[in-house]
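Input: a single structure, listed below in structure tokens.
Values in this text are rule-based calculations from the coordinates and carry no lab data. Keep in mind the model is a prediction, meaning the values are calculated, not measured. Because the Cβ atoms are built from the backbone with ideal geometry, glycine has one as well, and the counts that use them run over all protein chains shown.
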């Protein structure tokens, strides 16, 4: 019986030792997963910024940096994509409801950020639609510099 007790004791000791080893947490895999998720988040957040990229016309005018913080930006791309702030809208039909939702009854200014290759008539139609949504203060966004159209 003593031999059985010794072997049982040693098995019990092995079990306890292995249980102690299991109580340690290996966080290497956890950190790896978190880093991958962080990278994915950083990559996708670049696409979620306000609207999308457009090539703005150039103008020698002072910037509107202080006023732009409180304004709503309407973006129109060369490929006819339209966005109100961060929200992409479908055509002119979706513009008014999206603008009214973002305005919420306030009198915030709206800045139009249109690609330099968008036809002038389209910009005028878009500005008219923005006015019909109840906006009184509309501005056009440009890049600093001088447009070389006359020099061509």
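Measuring r between the beta carbons of residue 143 and residue 103 and using R0 = 35 Å, the FRET efficiency lands at 0.85.
Once R0 is set to 30 Å, what does the formula 1/(1 + (r/R0)^6) return for the Cβ-Cβ distance between residue 56 and residue 31, expressed as a FRET efficiency to the nearest 0.05?
0.10
Cα gyration tensor of the stretch 58-144, axes a ≥ b ≥ c as square roots of the eigenvalues: rounded (a/c below 1.5), prolate (a/b > b/c) or oblate?
Taking the square roots of the gyration eigenvalues as a ≥ b ≥ c, the stretch 58-144 is oblate.
Within the stretch 58-144, DSSP assigns beta bridges of which about 40% are antiparallel (rounded to the nearest 5).
On the beta carbon distance between residue 70 and residue 132, with R0 = 25 Å, the FRET formula returns roughly 0.70.
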